[in-house]
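Shown next, in structure tokens, is the structure this report addresses.
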Amino acid sequence: MARTSPVTDWSVDFDVLDHDYVADPFDIWDDLRHRCPIAHSDRRGSTWLPTRYEDVTAIAHDVEHFSSLEVAVIPFDGEEPEEPILPYGLPPISADPPLHTWTRRLLLPWFSHTRVAGYEAMTRELCSSLIDGFAARGRADAAADYAQQIPVRVIAAILGVSDSHADMFTGWVRDVLEFADDPERRAGGVQGLINYFLEEIEHRRDRPGDDLLSMLLHSEVDGAPVEQSLVLGTAALVLIAGVDTTWSAIGSSLWHLATHPDDRKRLVAEPDLMPFAVEELLRAYSPVTMARVVTHDVEFAHCPMKAGDKILMNFPAANRDPEVFEDADKVVLDRAVNRHVAFGSGIHRCAGSNLARMELRVALEQWLRRVPEFHLDEGQEVTWAGGQVRGPRLLPVVFP
Amino acid sequence: MRITVDPLKCQGHARCFALVPELFVVDDYGMSSVKGDGTVAPALEDRALLAIANCPEFAIEEIAGEDPPG
């Protein structure tokens, strides 16, 4: 993030890795929505940044003009190998129909309501044991000691890999997403994931288990086994998409409660509000921005988009659009009308949304049960990561 | 009151099922549909409207002109 020069006009030269934008993008979106609702920048190739709900959701639904073949917010600027190990990227997120359709159908049942309910008890136990680790200290890093530790272990259980490697997984995922502007680090993260899953795939060839990775490996589609590069890409996707997204949502929600004592007290006093609060916190602090690539020249909302241009699917800004949400910049824990698109919109709706919602709800319930009173540790700094996924990375809090 | 889910618009967010499981069913792929013929008991009408107001795909609709007499 240090490599970037300051932005003077966000409408023509935005930078999603700008330090101030990462920490607090909300005023910038409000300003853009008024005077230039689809901003443009050439900083990392020609890229558009819509900020209105209407535009973001329209682009998400137009899969003919806006392809998912490039979903990375920060383009990879290292050397592309001639024969990539993942020629299809990470399907289904990086695929268009028809590849998208059947790879997604393989995944979805693993994240159904019923399946996800089966992971709730382990998630609750995990949260509880994490809190045991710091409860007596009167202080904790709510991001690093708590939020960051939860989704990676649940995803490991679903994939069927050992959660003793949780820190290693988290490191790779951060290299790929959070440090994407460092080509070496990013490539290293991808390689780490690939090598790991190649070995795990070998273990499951003759001895499949009851896990997502075994299912992918032994599935047949139209009478043929699934290509190894697709198994690899999909497994890597589940880990990459299932870890720092939800960890960021948990972290942002705890940041909100640490800095808004009235909301914190209300949620403690009225636990029945939790399902609505979860949706509202997802709306207000949506962690994920995906990208699309323009397939052929098109004029969209008066913007001359060229084939190859990138669009940043600014779901977080769409969810703050005052045209759609009353008091858009205010967290209203019991908001009744909430068509937020934190999990996207259209055919790429987050496949793990049921899981993410359960994890966020359980993480907040357990935290508030054990740590009902807490606030920021004033002497310590809160740090934020941004780009593809926004959320706090250090969140020091104290509690009586 | 009677409601319906447009299967071409539904993308499996499952907000309706989470809010009013009495009225909706969701399959293994997350796709939602109404239970029975979509008739909403008077006691559930407020929550049916809540489901409509929380569907990010605008996939749930009230079928017009079917209000019971009175």
- Within the stretch A:32-54, backbone nitrogen closer than 18 Å to the virtual label 7 Å beyond the Cα of A:Thr8 toward Cβ: A:40-43
- Can you run phi through the Karplus equation (6.51, -1.76, 1.60; θ = phi - 60°) for the stretch A:383-390 and list ³J(HN,Hα) in whole Hz, with x for Gly and Pro? 10, 10, 9, x, x, 6, 9, 10
- Message: If you consider only alpha-carbon coordinates, what radius of gyration and Dmax does the stretch A:340-400 have, in Å?
- Response: 15.2, 46
- Around A:Met313, which amide H atoms from residues at least 5 apart in sequence, or from another chain, sit under 5 Å from its own amide H, with H modelled in the peptide plane? A:Met290, A:Ala291, A:Arg292
- Considering amide H positions built from the backbone, and no H for Pro or chain starts, which residues 5 or more places from A:Ala385, or on another chain, come under 5 Å of its amide H? A:Gly391, A:Arg393
- Using per-residue counts of other Cβ atoms within 10 Å, averaged over each peptide, order A:289-302, A:172-185 from highest down. A:172-185, A:289-302
- Message: Under 4 °C and 1.567 mPa s, how fast does the protein assembly as shown diffuse according to Stokes-Einstein, given a Kirkwood radius computed over C-alpha pairs? Answer in µm²/s, whole number.
- Response: 56
- Message: Taking just the alpha-carbon atoms of the stretch A:214-265, what radius of gyration and Dmax come out, in angstrom?
- Response: 19.1, 58
- Give the dimensionless ratio obtained when the Cα radius of gyration of the stretch B:3-62 is divided by 2.2 N^0.38 Å. 0.96
- Query: Roughly speaking, what is the centre-to-centre gap between the stretch A:196-215 and the stretch B:1-55 when only Cα atoms are used, to the nearest Å?
  - Reply: 37
- Evaluate 2.2 N^0.38 Å with N set to the residue count of the stretch A:233-333, then give the Cα radius of gyration divided by it. 1.38
- Tell me, how many Å apart are the Cα centres for the stretch A:116-185 and for the stretch A:217-289? 12
- Message: Given R₀ = 30 Å, what would the calculated FRET efficiency be for A:Asn195 paired with A:Glu326, taking r from the Cβ atoms and rounding to 0.05?
- Response: 0.05
- Task: Provide the per-residue ³J(HN,Hα) series for the stretch A:264-269, in order, calculated from phi with Karplus coefficients 6.51, -1.76, 1.60 and θ = phi - 60°, each as a whole number of Hz, with x at glycine and proline positions.
- Result: 4, 5, 5, 5, 5, 6
- Is there a simple number for the mean count of other chain Cβ atoms within 10 Å of the Cβ of residues in B:17-23, and what is it? 2
- With respect to the cross-link table entries A:Lys310/B:Lys9; A:Lys306/B:Lys9; A:Lys265/B:Lys9, which display a Cα-Cα separation exceeding 31 Å? A:Lys265/B:Lys9
- Which length gain, in nm to one decimal place, applies between A:Glu82 and A:Asp272 when the Cα-Cα distance is subtracted from 0.36 nm times their residue separation? 62.9 nm
- Highest-first arrangement of A:53-62, A:245-254, where packing means the average Cβ count within 10 Å: A:245-254, A:53-62
- Whose amide H sits under 5 Å from the amide H of A:Phe66, counting only residues 5 or more places off or on another chain, with H placed in the peptide plane? A:Thr295
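Throughout, read-outs are computed from the coordinates displayed, never taken from laboratory work. This one's a predicted model, so the numbers in the text were calculated from it and none came from an experiment. Counting neighbours? That spans all protein chains shown, and the Cβs are built from the backbone with ideal geometry, glycine included.
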